[in-house]
Amino acid sequence: MIAAVNAGIALLLLGLAIWTIAARDTFAAIVGFVAYGLLLALAWVALRGVDVALTEAAIGGGLTGVLLIRAAAKLRATEAASNAERPALPTRLAAAIMAGGVTAALALVVLRTAGPAPTLAPEVAANIGATGVANPITAVLLAFRAMDTLLEAIVLLFALIGVWSLAPDHLWGGRPGARYRADPDGILAYLARLLPPLGIIVGFYIFWIGADLPGGKFQGATILAAMWLLAMMAGLADAPPVSRRWLRAALVAGPAAFIAVGAAGVGIAGAFLGYPEGLAKALIIVIEVALLPSLVLTLGLIMAGAPERTAA
Amino acid sequence: MTTTPGGLLLVLAVLAPIVGMLIAFTLGGRNAQRIASVTIVIGLGIAIAIAAAWAQTGATVVYLLGGWSPPLGIALRADGLSVVMMLAVAVVILGIGVYARADFATPAGVPEARAPFVFWTLLLAIWGALNLVFVSGDLFTLYVALELLTFAAVPLVSLDGRAETLRAALRYVLYALLGSMFYLLGVVLVYGAYGTLDIGLLAARVHAEPATLAAAAFMTVGLLAKTALFPLHLWLPPAHAGAPPAASAVLSGLVIKGSWFLAVRLWFDVLPGVVTLASAQLLGVLGAAAILAGNVVALRQARLKLLVAYSTVAQIGYLFLMFPLAFDAGAAALERGGALAGGTLQAISHASAKAAMFMAAGLIYRAVGHDRIAELAGVGRALPLSVLTFALAGLALMGLPPSGAYAAKKLLLDAAEASGQWWWASVMDVGGLLTAAYVVLVLVHALRPATEPREARAHVSHRAQIAALALALCSLLLGFAALGPAPLDAMPKPSLDFGALASALLVLLGGAVLAAGLGLRLPPLPSRGVLTAPLAPVRRATVAVGATFVRVDAALRQWPVAGLALIVAAIGFGAALLA
């Protein structure tokens, strides 16, 4: 039974992947992509990677989907032109054959690997005690490989600068995106009033349990950012002008606090990003709490887009 | 493995620019530039301190992040290679920082402007990312470093906001992300096969099995796409030629060295015994194709910035010639030695020379209002310092003594001779001649007297000219570094004997002949008719050859072809690694 469900998920995934590539209409392809992301999350659940599943659903399916839909909406006018640029049949055939061949070779390589794959899981389990947290993923992300997580938080800021850099010069410092005017009695405004209270609770819950159970700041922040975006799109909230000093400070506060805790580790634990005995969990929570608002703002503003209106 | 003295400096090398970027981001406006200036000085100090810590023992500087040792934790490591690269990058960033003060000053009357804010924050971001590439000892952290580098670099392409440069930036980010995915796929395969991503541990565990070979092929091709090695270069010419000059200097001089360095790490430190003779030769072949095609197409460009960008396409080729030369057929493994030293020297020499060249081209553009090579007459008189900079950077790129590239070439030629691979030596010679050709072509145009007196259209910052000249001199005089202490003690000592001088003159002369044959628009000569009439058919033939190169290059830079090239390259490397 389980095997049949898994096989079904795998086949559907392949089908959706092919659909996404083959679909000529951009919106159709995006729908395929979002469905693919959600189904992939299910596949991760089946593989018992619940943390990965949450991330895939929130970021791979949800956030990326929203970004793609907004991009497609802006590109509506050029859709016909880009469809006309279709490469010749021999090119497409060659691409399909070679990409298919490479995929088959990869599948062979993976399937032929004998025995269970070597893993660091036992080592994580043996050392997790020192971190005070119970979720091994959190231990990896915020203790053993904290540097990667710090840098991933910072790369989002780079991306935000990149998004802002697309603003016209005279609107620099202004508010991102278009001003949304939704019908105050319409379905969008209704949803934007109904969903955020629930979404905020779910987002904070997923963030808070991350220390001990599947969840964490990136997934929680994505849900919170989505609620913010919903309120923006319904015209109930507006994105702040990007020149505001408080906004800039709030955006860097998370990574800055992360670096500060890391630097304190040099003094109190003998290593950058080291945690002293007994204090580890408290410091990890400090980092997560500091990162959450910065991540929500960064993700929300990346989705809101480049400044398009004056600050007033 | 434990943290060594000075290890904390490695953390500082990565985080100092990033913290500077965070502060610049928060304070914004004119403060962004001030903070960038302070950070550049601090960062240079850190690079020197790391070099000192390394030179004391000559052993790799190590830092265990969080006190966790690999495979569970992440180690930062700096060996001689990392130290040299960090020093070179710090010096080039300093030069670019001084140069960019004129172009990216926040205009009076506004608290903050878009281009300066983006430039100064991302300059620091790129620096932090590059230093992470140089010191990271973990394949996944290196992936993060590549992402940091790409996301920091792409917005610099479209700083001026024109549709054309936005298109170039989009090309760059899409192709670079394809490269990232290829690399990441390889990382996944490696972890699945060996249960660690630490470079040191992997080196002891890897062996040639299907998963390793597939990973090696994907990672290599991904990195080549990000480095824009021919024929995976569709994004480079428009991106590097369209960016503002200071940004072009960063992109062409520094950013592509990040993924190149990672390829070196991968081949020399992770997979030295796994790579095969055929795969090393394949890298060399692509390098040779890059040198030939990049240089010829550079000669056929009408605009100076595109010429310089194509020169980068060619110079990237040199950076991959060392792979076949470092392959020891007896041991069937890559050996760290003269070839690696030569390749590294080539990289830092190109970093400063190409930055200087883009800066000089930018100053010329600013002063004249265009960069059409055929209409540069009189520039030599109007902007003597910038034309001199262009000339010196050109000499450095050609590999004339005492430039760093000369020492690099000598190391590579020695390696070619020692391993009996004469063909790479001839590739280098032809490349040097072609480089000389376009440098001579540009100089001949720029040094012609103007028909009417030329007025500089815009003021050109004196400080910017000096910064560009200083970087060109750095590259040209790099050969003298061999006289100093380590870490460049493998370099040949510079000598200025008669033979070297004569061969330098020959290169210039040969370059002039090639320029006359292949150059796009030749300056009018007084005696043109008498002297050149018999040569006209020859010129027609050579021009046809040049035009063929241009057509092939244009075809290769189409999206469908470039996409196919990526898959073909992956299959090719897979096959070569099996051979």
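The values are calculated or read from the model by the stated rules, or taken from the named source; none is laboratory data. This one's a predicted model, so the numbers in the text were calculated from it and none came from an experiment. Positions of Cβ are generated from backbone atoms using ideal geometry, with glycine treated the same way; all protein chains shown enter the neighbour counts.
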### Query
Could you say whether any residue in the range A:168-183 is in contact (Cβ under 8 Å) with a residue 60 or more places away in the chain, outside the structural domain of A:Gly60 (by TED's automatic domain parsing) and assigned to a helix (DSSP H, G or I)?
yes
#### Entry: Residue selected from the range B:160-214 under the condition within 21 Å of B:Val264 (Cα to Cα) and of a type in the set (Val, Ile, Thr), by the criterion farthest from the other protein chains (Cβ to nearest Cβ)
B:Ile199
### Query
Does the range B:50-71 hold any residues that are touching a strand residue (DSSP E or B) at 6+ places or on another chain (Cβ under 7 Å), at the interface with chain A (Cβ under 7 Å from one of its Cβ atoms) and not in a helix (DSSP H, G or I), and which are they?
B:Leu64, B:Pro71
#### Entry: Residue ID - surrounded by the fewest Cβ atoms within 10 Å (Cβ to Cβ), chosen from residues in the range B:79-95 that are closer than 20 Å to B:Leu123 by Cα and among the small types (Gly, Ala, Ser)
B:Ala90
### Task
Filter the range A:100-124 for residues that are over 22 Å from A:Ile21 (Cβ atoms) and in a helix (DSSP H, G or I) and give the result.
A:Val109, A:Leu111, A:Arg112, A:Ala121, A:Pro122, A:Glu123, A:Val124
### Task
Inspect all residues belonging to the range B:38-46 and state whether any of them is of a type in the set (A, V, I, L, M, F, W, C), closer than 18 Å to B:Asp79 by Cβ and either more than 23 Å from the chain's Cα centre (by Cα) or part of a helix (DSSP H, G or I) (or both).
yes
### Message
As an exercise: evaluate B:Arg366 against (1) surrounded by fewer than 23 Cβ atoms within 10 Å (Cβ to Cβ); (2) under 19 Å from B:Cys474 (Cβ atoms); (3) not small (Gly, Ala, Ser) and give the number of the one condition it does not meet.
### Response
(2)
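Residue-by-condition table, conditions (1) crowded, with 21+ Cβ neighbours inside 10 Å; (2) among the acidic types (Asp, Glu); (3) touching a helix residue (DSSP H, G or I) at 6+ places or on another chain (Cβ under 7 Å); (4) away from chain A (no Cβ under 11 Å):
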{"position": "B:Ala105", "(1), (2), (3), (4)": "no, no, yes, yes"}
{"position": "B:Glu112", "(1), (2), (3), (4)": "no, yes, yes, no"}
{"position": "B:Pro116", "(1), (2), (3), (4)": "yes, no, yes, no"}
{"position": "B:Phe119", "(1), (2), (3), (4)": "yes, no, yes, no"}
{"position": "B:Leu122", "(1), (2), (3), (4)": "yes, no, yes, no"}
{"position": "B:Ile126", "(1), (2), (3), (4)": "yes, no, yes, no"}
{"position": "B:Leu130", "(1), (2), (3), (4)": "yes, no, yes, yes"}
{"position": "B:Phe140", "(1), (2), (3), (4)": "no, no, yes, no"}
{"position": "B:Tyr143", "(1), (2), (3), (4)": "yes, no, yes, no"}
### Task
Just name the residue that is nearest to A:Gly215 (Cα to Cα) out of those in the range A:17-60 that are touching a Leu at 6+ places or on another chain (Cβ under 9 Å) and hydroxyl-bearing (Ser, Thr, Tyr).
A:Tyr36
### Options B:Ala239, B:Ala293: the member that is among the small types (Gly, Ala, Ser), in contact (Cβ under 8 Å) with a residue 60 or more places away in the chain and buried (at least 23 other Cβ atoms within 10 Å of the Cβ)
B:Ala239
### Task
Test A:Gly215 against the criterion of being out of contact with any Ser or Thr (no Cβ under 6 Å at 6 or more places or on another chain), within 14 Å of chain B (Cβ to nearest Cβ) and within 22 Å of A:Gly132 (Cα to Cα), and give yes or no.
no
### Query
For the range A:218-260, what are the residues that are surrounded by fewer than 20 Cβ atoms within 10 Å (Cβ to Cβ), hydrophobic (A, V, I, L, M, F, W, C) and within 14 Å of chain B (Cβ to nearest Cβ)?
A:Trp246, A:Leu247, A:Ala249, A:Ala250, A:Ala253, A:Ala256, A:Ala257, A:Ala260
### Task
Those residues that are farther than 22 Å from B:Val154 by Cα and either at the interface with another protein chain (Cβ under 7 Å from one of its Cβ atoms) or without any contact (Cβ under 8 Å) to a residue 40 or more places away in the chain (or both), I need them from the range A:136-148; list them, please.
A:Pro136, A:Ala139, A:Val140, A:Ala143, A:Phe144, A:Arg145, A:Ala146, A:Met147
### Query
Quick one: is A:Leu213 at positive phi and either surrounded by fewer than 24 Cβ atoms within 10 Å (Cβ to Cβ) or more than 22 Å from the chain's Cα centre (by Cα) (or both)?
no
### Query
Among the residues of the range B:535-556, which ones are away from every other protein chain (no Cβ under 14 Å), surrounded by 15 or more Cβ atoms within 10 Å (Cβ to Cβ) and not acidic (Asp, Glu)?
B:Arg539, B:Thr542, B:Val543, B:Gly546, B:Phe549, B:Val550
## Note on the structure
All-but-one check, B:Leu22 against (1) aliphatic (A, V, I, L, M); (2) outside any loop (DSSP other than H, G, I, E, B); (3) in contact (Cβ under 8 Å) with a residue 24 or more places away in the chain, failing number (3)
### Query
Looking at (1) at the interface with chain B (Cβ under 10 Å from one of its Cβ atoms); (2) over 17 Å from B:Pro71 (Cα atoms); (3) of a type in the set (A, V, I, L, M), which is the only condition A:Ala84 fails?
(1)
### Task
Being of a type outside the set (Phe, Trp, Tyr) and either facing another protein chain (nearest Cβ under 10 Å) or touching a Cys at 6+ places or on another chain (Cβ under 8 Å) (or both) is the filter here, so list the residues in the range A:261-275 that pass it.
A:Gly262, A:Ala263, A:Gly265, A:Val266, A:Ala269, A:Gly270, A:Ala271, A:Leu273, A:Gly274
